[in-house]
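Undergrad: This is the structure I want to talk about, given as C-alpha coordinates.
The values are calculated or read from the model by the stated rules, or taken from the named source; none is laboratory data. A quick note: this is a predicted structure, and the numbers were derived from the prediction, not measured. Because the Cβ atoms are built from the backbone with ideal geometry, glycine has one as well, and the counts that use them run over all protein chains shown. Each accessible area value is taken on the protein alone, full model and side chains, heavy atoms only, with ligands, DNA and RNA left out. Shrake-Rupley method; radii C 1.70, N 1.55, O 1.52, S 1.80 Å.
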Amino acid sequence: VSPVSDPPPLPGRKVPPRAAALAGLAAMLALGGLIAAFPPAPGGFYPPCVVNQFTGLHCPGCGAGRAAGAALSGDLMAALRSNPFLALLVPFLGWVGLKLLGPPLLSNRWATEPVSRRTALLLLASALVFAVLRNLPGLEWLAP
Amino acid sequence: MKYLIARDGQQIGEWTLDELRSMRAMGQARDTDYAWRQGMAEWIPLGQVFAAEGGAAAPPPPQSWHPAGPTAVGGFPPPPPSSNLIWAILVTIFCCLPLGIPAIIFAAQVDSKYAMGDYAGAQASAAKAKTWILVSLIVGLLSGALYGLFVGLAAASGM
(Lines give C-alpha, C1' and ligand atoms only; values in the text may rest on other atoms or scores of the structure.)
Protein backbone atom coordinates (compact mmCIF):
# COMPACT_ATOMS: atom_id res chain seq x y z
CA VAL A 1 0.00 0.00 0.00
CA SER A 2 1.59 3.26 -1.09
CA PRO A 3 1.24 6.15 1.34
CA VAL A 4 -1.31 8.81 0.39
CA SER A 5 0.48 12.06 -0.33
CA ASP A 6 -0.60 15.62 -0.97
CA PRO A 7 -0.41 16.94 -4.52
CA PRO A 8 2.73 18.92 -5.40
CA PRO A 9 2.46 22.68 -5.87
CA LEU A 10 0.51 23.64 -8.95
CA PRO A 11 2.35 24.85 -11.99
CA GLY A 12 1.64 28.42 -12.84
CA ARG A 13 2.97 31.92 -12.95
CA LYS A 14 6.26 32.53 -11.22
CA VAL A 15 6.12 34.19 -7.83
CA PRO A 16 8.77 36.85 -7.10
CA PRO A 17 11.35 35.91 -4.44
CA ARG A 18 10.41 36.47 -0.84
CA ALA A 19 13.31 38.93 -0.38
CA ALA A 20 11.84 41.18 -3.08
CA ALA A 21 8.46 41.20 -1.34
CA LEU A 22 10.08 41.98 2.03
CA ALA A 23 12.14 44.78 0.46
CA GLY A 24 9.00 46.21 -1.18
CA LEU A 25 7.10 46.06 2.11
CA ALA A 26 9.98 47.72 3.98
CA ALA A 27 10.21 50.47 1.34
CA MET A 28 6.46 51.14 1.57
CA LEU A 29 6.62 51.34 5.39
CA ALA A 30 9.67 53.64 5.22
CA LEU A 31 7.94 55.94 2.73
CA GLY A 32 4.80 55.94 4.89
CA GLY A 33 6.89 56.83 7.94
CA LEU A 34 8.64 59.64 6.07
CA ILE A 35 5.33 61.06 4.84
CA ALA A 36 3.80 60.77 8.33
CA ALA A 37 6.81 62.54 9.90
CA PHE A 38 7.10 65.20 7.19
CA PRO A 39 3.73 65.65 5.44
CA PRO A 40 4.20 67.02 1.89
CA ALA A 41 3.60 70.76 1.67
CA PRO A 42 4.31 73.40 -0.99
CA GLY A 43 8.03 74.13 -1.12
CA GLY A 44 8.86 70.87 0.64
CA PHE A 45 11.57 68.42 -0.32
CA TYR A 46 9.30 65.95 -2.13
CA PRO A 47 9.81 65.95 -5.90
CA PRO A 48 7.10 67.63 -7.97
CA CYS A 49 5.29 65.66 -10.67
CA VAL A 50 7.32 65.65 -13.90
CA VAL A 51 4.23 65.78 -16.11
CA ASN A 52 2.85 68.73 -14.14
CA GLN A 53 6.19 70.57 -14.32
CA PHE A 54 6.40 70.26 -18.09
CA THR A 55 2.76 70.58 -19.13
CA GLY A 56 0.99 72.30 -16.24
CA LEU A 57 -1.62 69.52 -16.39
CA HIS A 58 -2.65 67.47 -13.38
CA CYS A 59 -1.95 63.76 -13.81
CA PRO A 60 -4.06 61.14 -11.99
CA GLY A 61 -1.33 60.75 -9.34
CA CYS A 62 -0.91 64.48 -8.65
CA GLY A 63 -1.73 65.21 -5.03
CA ALA A 64 -1.09 61.60 -3.96
CA GLY A 65 1.68 62.65 -1.57
CA ARG A 66 -0.39 65.44 -0.01
CA ALA A 67 -3.37 63.06 0.25
CA ALA A 68 -1.21 60.44 2.00
CA GLY A 69 0.19 63.05 4.36
CA ALA A 70 -3.29 64.31 5.21
CA ALA A 71 -4.67 60.80 5.68
CA LEU A 72 -1.75 59.77 7.93
CA SER A 73 -2.39 62.81 10.13
CA GLY A 74 -6.06 61.85 10.34
CA ASP A 75 -7.52 64.54 8.04
CA LEU A 76 -9.52 62.37 5.66
CA MET A 77 -11.40 65.30 4.12
CA ALA A 78 -8.12 66.97 3.13
CA ALA A 79 -6.99 63.64 1.65
CA LEU A 80 -10.17 63.52 -0.44
CA ARG A 81 -9.59 67.08 -1.63
CA SER A 82 -5.98 66.39 -2.69
CA ASN A 83 -6.70 63.29 -4.72
CA PRO A 84 -10.25 61.90 -4.46
CA PHE A 85 -9.51 59.12 -6.97
CA LEU A 86 -6.62 57.57 -5.02
CA ALA A 87 -8.21 58.32 -1.63
CA LEU A 88 -11.31 56.33 -2.62
CA LEU A 89 -9.12 53.59 -4.11
CA VAL A 90 -7.27 52.91 -0.84
CA PRO A 91 -9.31 49.75 0.03
CA PHE A 92 -8.76 48.41 -3.49
CA LEU A 93 -5.04 49.25 -3.37
CA GLY A 94 -4.80 47.47 -0.02
CA TRP A 95 -6.41 44.39 -1.54
CA VAL A 96 -3.96 44.54 -4.48
CA GLY A 97 -1.09 44.84 -1.99
CA LEU A 98 -2.24 41.71 -0.17
CA LYS A 99 -2.53 39.79 -3.45
CA LEU A 100 0.94 40.95 -4.51
CA LEU A 101 2.69 40.29 -1.19
CA GLY A 102 0.79 37.22 -0.01
CA PRO A 103 2.21 34.47 -2.24
CA PRO A 104 5.90 35.48 -1.98
CA LEU A 105 5.68 36.02 1.79
CA LEU A 106 4.00 32.61 2.21
CA SER A 107 6.72 31.12 -0.02
CA ASN A 108 4.17 29.77 -2.48
CA ARG A 109 5.70 28.56 -5.71
CA TRP A 110 2.75 29.50 -7.87
CA ALA A 111 0.01 32.05 -7.94
CA THR A 112 -2.65 33.25 -10.28
CA GLU A 113 -2.19 36.73 -11.72
CA PRO A 114 -2.67 39.04 -8.68
CA VAL A 115 -5.15 41.25 -10.51
CA SER A 116 -7.10 40.11 -13.53
CA ARG A 117 -6.40 41.82 -16.85
CA ARG A 118 -9.94 43.18 -16.82
CA THR A 119 -9.58 44.77 -13.37
CA ALA A 120 -6.17 46.22 -14.27
CA LEU A 121 -7.51 47.75 -17.50
CA LEU A 122 -10.54 49.10 -15.61
CA LEU A 123 -8.16 50.80 -13.16
CA LEU A 124 -6.22 52.28 -16.09
CA ALA A 125 -9.40 53.51 -17.79
CA SER A 126 -10.73 55.15 -14.60
CA ALA A 127 -7.35 56.81 -14.03
CA LEU A 128 -7.48 58.25 -17.57
CA VAL A 129 -11.07 59.50 -17.11
CA PHE A 130 -10.08 61.08 -13.79
CA ALA A 131 -7.05 62.70 -15.44
CA VAL A 132 -9.25 64.30 -18.09
CA LEU A 133 -11.94 65.42 -15.61
CA ARG A 134 -9.57 67.08 -13.14
CA ASN A 135 -8.13 69.28 -15.91
CA LEU A 136 -11.51 70.51 -17.16
CA PRO A 137 -12.64 74.05 -16.34
CA GLY A 138 -15.42 73.92 -13.74
CA LEU A 139 -14.08 70.74 -12.19
CA GLU A 140 -11.17 72.39 -10.36
CA TRP A 141 -12.30 70.72 -7.12
CA LEU A 142 -10.92 67.46 -8.59
CA ALA A 143 -7.47 69.06 -9.01
CA PRO A 144 -5.02 68.81 -6.10
CA MET B 1 -7.69 6.05 -9.77
CA LYS B 2 -8.91 9.59 -9.73
CA TYR B 3 -7.05 12.59 -11.12
CA LEU B 4 -7.03 16.00 -9.48
CA ILE B 5 -7.59 18.65 -12.14
CA ALA B 6 -6.36 22.24 -11.95
CA ARG B 7 -7.01 25.18 -14.19
CA ASP B 8 -5.74 28.79 -13.88
CA GLY B 9 -3.87 27.94 -10.71
CA GLN B 10 -6.93 26.49 -8.93
CA GLN B 11 -7.92 22.89 -8.30
CA ILE B 12 -11.30 22.39 -9.90
CA GLY B 13 -12.11 18.81 -9.03
CA GLU B 14 -11.30 15.12 -9.03
CA TRP B 15 -12.39 12.69 -11.74
CA THR B 16 -11.55 9.29 -13.19
CA LEU B 17 -9.93 9.01 -16.60
CA ASP B 18 -13.21 7.81 -18.14
CA GLU B 19 -15.09 10.77 -16.70
CA LEU B 20 -12.37 13.08 -17.99
CA ARG B 21 -12.62 11.57 -21.49
CA SER B 22 -16.34 12.29 -21.69
CA MET B 23 -15.78 15.72 -20.14
CA ARG B 24 -13.24 16.49 -22.83
CA ALA B 25 -15.67 15.36 -25.50
CA MET B 26 -18.16 17.88 -24.13
CA GLY B 27 -15.51 20.58 -23.87
CA GLN B 28 -15.56 20.71 -20.07
CA ALA B 29 -12.03 19.37 -19.64
CA ARG B 30 -9.19 20.81 -21.69
CA ASP B 31 -5.88 19.36 -22.76
CA THR B 32 -4.24 22.43 -21.25
CA ASP B 33 -5.67 21.71 -17.77
CA TYR B 34 -3.19 20.21 -15.34
CA ALA B 35 -3.70 16.75 -13.88
CA TRP B 36 -2.18 14.92 -10.93
CA ARG B 37 -2.84 11.60 -9.24
CA GLN B 38 -1.27 9.71 -6.36
CA GLY B 39 2.22 8.58 -7.28
CA MET B 40 2.98 11.32 -9.79
CA ALA B 41 5.86 13.70 -9.01
CA GLU B 42 4.49 16.74 -10.82
CA TRP B 43 1.31 18.07 -12.37
CA ILE B 44 1.25 17.40 -16.11
CA PRO B 45 -1.01 18.73 -18.86
CA LEU B 46 -4.18 16.65 -19.13
CA GLY B 47 -3.47 16.18 -22.85
CA GLN B 48 -0.32 14.29 -21.93
CA VAL B 49 -2.29 12.04 -19.59
CA PHE B 50 -4.67 11.16 -22.45
CA ALA B 51 -1.72 10.56 -24.78
CA ALA B 52 0.04 8.37 -22.22
CA GLU B 53 -3.08 6.38 -21.32
CA GLY B 54 -3.72 5.59 -24.97
CA GLY B 55 -7.24 5.18 -26.27
CA ALA B 56 -8.49 8.39 -27.81
CA ALA B 57 -5.44 10.17 -29.14
CA ALA B 58 -5.04 13.76 -28.09
CA PRO B 59 -5.78 16.24 -30.86
CA PRO B 60 -2.74 18.18 -32.03
CA PRO B 61 -1.92 20.92 -29.54
CA PRO B 62 -2.06 24.54 -30.69
CA GLN B 63 1.21 25.27 -32.45
CA SER B 64 3.22 28.39 -31.91
CA TRP B 65 4.06 30.14 -35.16
CA HIS B 66 7.42 30.96 -33.69
CA PRO B 67 8.98 27.52 -34.13
CA ALA B 68 12.00 28.47 -32.02
CA GLY B 69 9.74 29.59 -29.20
CA PRO B 70 9.48 27.86 -25.84
CA THR B 71 7.09 24.94 -25.78
CA ALA B 72 6.61 22.69 -22.81
CA VAL B 73 7.23 18.96 -22.78
CA GLY B 74 5.14 17.12 -25.32
CA GLY B 75 4.36 20.24 -27.33
CA PHE B 76 1.82 21.54 -24.85
CA PRO B 77 1.77 25.24 -24.07
CA PRO B 78 4.00 26.51 -21.27
CA PRO B 79 2.28 28.24 -18.38
CA PRO B 80 1.41 31.86 -19.18
CA PRO B 81 4.10 34.40 -18.28
CA SER B 82 3.24 37.08 -15.73
CA SER B 83 2.09 40.18 -17.56
CA ASN B 84 2.73 42.44 -14.55
CA LEU B 85 0.07 44.76 -16.02
CA ILE B 86 -1.00 45.94 -12.56
CA TRP B 87 2.60 46.92 -11.75
CA ALA B 88 2.90 48.84 -15.01
CA ILE B 89 -0.29 50.78 -14.24
CA LEU B 90 0.59 51.46 -10.59
CA VAL B 91 4.10 52.63 -11.49
CA THR B 92 2.68 54.96 -14.15
CA ILE B 93 0.07 56.47 -11.81
CA PHE B 94 2.30 56.83 -8.75
CA CYS B 95 5.62 57.70 -10.35
CA CYS B 96 3.73 59.76 -12.89
CA LEU B 97 6.37 58.86 -15.42
CA PRO B 98 6.05 58.74 -19.18
CA LEU B 99 8.36 55.70 -18.89
CA GLY B 100 5.41 53.74 -17.53
CA ILE B 101 3.54 53.96 -20.81
CA PRO B 102 5.72 51.46 -22.73
CA ALA B 103 5.46 49.21 -19.67
CA ILE B 104 1.65 49.28 -19.95
CA ILE B 105 1.75 48.67 -23.71
CA PHE B 106 4.08 45.66 -23.45
CA ALA B 107 2.24 44.23 -20.42
CA ALA B 108 -1.09 44.50 -22.23
CA GLN B 109 0.33 42.46 -25.14
CA VAL B 110 1.30 39.46 -22.99
CA ASP B 111 -2.10 37.83 -22.51
CA SER B 112 -3.33 38.53 -26.05
CA LYS B 113 -0.17 37.06 -27.59
CA TYR B 114 -0.41 34.03 -25.28
CA ALA B 115 -4.06 33.53 -26.22
CA MET B 116 -3.10 33.54 -29.92
CA GLY B 117 -0.54 30.81 -29.27
CA ASP B 118 2.44 33.15 -29.70
CA TYR B 119 4.19 31.91 -26.55
CA ALA B 120 7.60 33.29 -27.51
CA GLY B 121 6.06 36.69 -28.26
CA ALA B 122 4.21 36.64 -24.95
CA GLN B 123 7.44 35.92 -23.08
CA ALA B 124 9.30 38.64 -24.98
CA SER B 125 6.58 41.20 -24.19
CA ALA B 126 6.53 40.11 -20.55
CA ALA B 127 10.30 40.58 -20.33
CA LYS B 128 10.12 44.05 -21.95
CA ALA B 129 7.25 45.05 -19.65
CA LYS B 130 9.28 43.97 -16.63
CA THR B 131 12.31 45.97 -17.81
CA TRP B 132 10.25 49.13 -18.34
CA ILE B 133 8.54 48.73 -14.95
CA LEU B 134 11.92 48.45 -13.22
CA VAL B 135 13.34 51.38 -15.20
CA SER B 136 10.34 53.57 -14.30
CA LEU B 137 10.53 52.55 -10.66
CA ILE B 138 14.29 53.11 -10.37
CA VAL B 139 14.30 56.41 -12.31
CA GLY B 140 11.32 57.61 -10.25
CA LEU B 141 12.81 56.67 -6.88
CA LEU B 142 16.32 57.87 -7.74
CA SER B 143 15.29 61.24 -9.17
CA GLY B 144 12.89 61.74 -6.26
CA ALA B 145 15.62 60.95 -3.72
CA LEU B 146 18.15 63.23 -5.49
CA TYR B 147 15.60 66.05 -5.66
CA GLY B 148 14.79 65.68 -1.97
CA LEU B 149 18.48 65.59 -1.05
CA PHE B 150 19.26 68.67 -3.16
CA VAL B 151 16.34 70.70 -1.80
CA GLY B 152 17.05 69.53 1.75
CA LEU B 153 20.74 70.50 1.50
CA ALA B 154 19.87 73.84 -0.07
CA ALA B 155 17.46 74.57 2.79
CA ALA B 156 20.02 73.47 5.37
CA SER B 157 22.67 75.78 3.94
CA GLY B 158 20.28 78.68 4.29
CA MET B 159 19.51 79.42 0.64
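Undergrad: Quick one: helix A:84-105 against the long Cα principal axis of chain A, what's the angle to the nearest 10°, folded into 0 to 90?
TA: 20
Undergrad: Enter the accessible area of B:Tyr114 (Å², nearest 10), with the probe set to 1.4 Å and all protein chains included.
TA: 50
Undergrad: Then there's this: What FRET efficiency comes out for the pair A:Ala125/A:Leu72, r = Cβ-Cβ distance, R0 = 30 Å, nearest 0.05?
TA: Details: r = 29 Å, r/R0 = 0.96.
In this case the efficiency is close to 0.55.
Undergrad: At q = 0.14, 0.18 Å⁻¹, what log₁₀ I(q)/I(0) does chain A have when each alpha carbon counts as one equal point scatterer in the Debye sum?
TA: -0.82, -1.17
Undergrad: Then there is this: On a 0 to 90 degree scale, rounded to 10, what angle separates helix A:18-37 from the longest Cα axis of chain A?
TA: 30
Undergrad: Can you put A:Val90, B:Val49, B:Val135 in order of accessible area, largest first, using a 1.4 Å probe?
TA: A:Val90, B:Val135, B:Val49
Undergrad: Right, something else. Residues with beta-carbon under 15 Å from that of B:Ile89, excluding B:Ile89: net charge, scoring Lys, Arg +1 and Asp, Glu -1?
TA: +2
Undergrad: Mind giving me the nanometre distance, one decimal, between the label points for A:Met28 and A:Ser116, set 7 Å out from Cα along Cα→Cβ?
TA: 2.2
Undergrad: Once A and B are treated as a pair rather than alone, how much accessible area drops out, both sides summed, in Å² to 100, probe 1.4 Å? Could you put the intermediate results ahead of the total?
TA: Details: alone 10280 and 9860 Å², together 17220 Å².
Summing both sides, the interface buries roughly 2900 Å².
Undergrad: Which one of A:Leu80, A:Leu133, A:Leu29 has the biggest mean-square fluctuation once chain A is modelled by GNM with Cα springs under 10 Å?
TA: A:Leu29
Undergrad: Okay, next question. Between B:Leu142 and B:Met116, take the C-beta separation as r, use R0 = 41 Å, and let me know the FRET efficiency to the nearest 0.05.
TA: It comes out at approximately 0.65.
Undergrad: For B:Leu134 and B:Glu42, compute 0.36 nm times the residue count separating them, minus their Cα-Cα distance, and round to one decimal in nm.
TA: Numbers: separation 92, 0.36 × 92 = 33.12 nm, distance 3.27 nm.
Gain on stretching B:Leu134 to B:Glu42: 29.9 nm.
Undergrad: Still on this structure, I have one more. Keeping the other protein chains in place, figure out the carbon and sulfur percent of the accessible area of the stretch A:1-106, with a 1.4 Å probe.
TA: Numbers: 4710 of 6480 Å².
Carbon with sulfur: 73 percent of the solvent-accessible area.
Undergrad: Separate question: How much accessible surface does B:Asp111 have with a 1.4 Å probe, in Å² rounded to 10?
TA: Here the residue's solvent-accessible area equals roughly 40 Å².
Undergrad: Over the protein assembly as shown, what number does the Rg to Rh ratio reach, with both radii from the alpha-carbon atoms and Rh per Kirkwood?
TA: Rounded to two decimals, Rg/Rh equals 1.08.
Undergrad: Once the Cβ-Cβ distance between A:Gln53 and A:Leu80 is put in as r, and R0 is 41 Å, what FRET efficiency do you end up with, to the nearest 0.05?
TA: Efficiency, from the Cβ-Cβ distance: 0.95.
Undergrad: A further question on this structure: Which value, in Å², gives the accessible area per residue of chain A when a 1.4 Å probe is used on the protein heavy atoms?
TA: 61
Undergrad: Working out 0.36 nm times the residue gap between A:Leu88 and A:Ala143, then minus their Cα-Cα distance, what length gain in nm do you get to one decimal?
TA: Answer, rounded to one decimal: 18.3 nm.
Undergrad: Only helical DSSP H runs with n ≥ 4 go in: add -39500 (n - 2.57) per run for the protein assembly as shown, normalise by residue count and round the 222 nm mean residue ellipticity to 500 deg cm²/dmol.
TA: The helix contribution divided over the protein assembly as shown gives -17500 deg cm²/dmol.
Undergrad: Can you tell me the length gained on complete extension of the stretch B:Ser157 to B:Ser22, counting 0.36 nm per residue apart and subtracting the Cα distance?
TA: Values: separation 135, 0.36 × 135 = 48.60 nm, distance 7.88 nm.
The B:Ser157-B:Ser22 span can extend by a further 40.7 nm.
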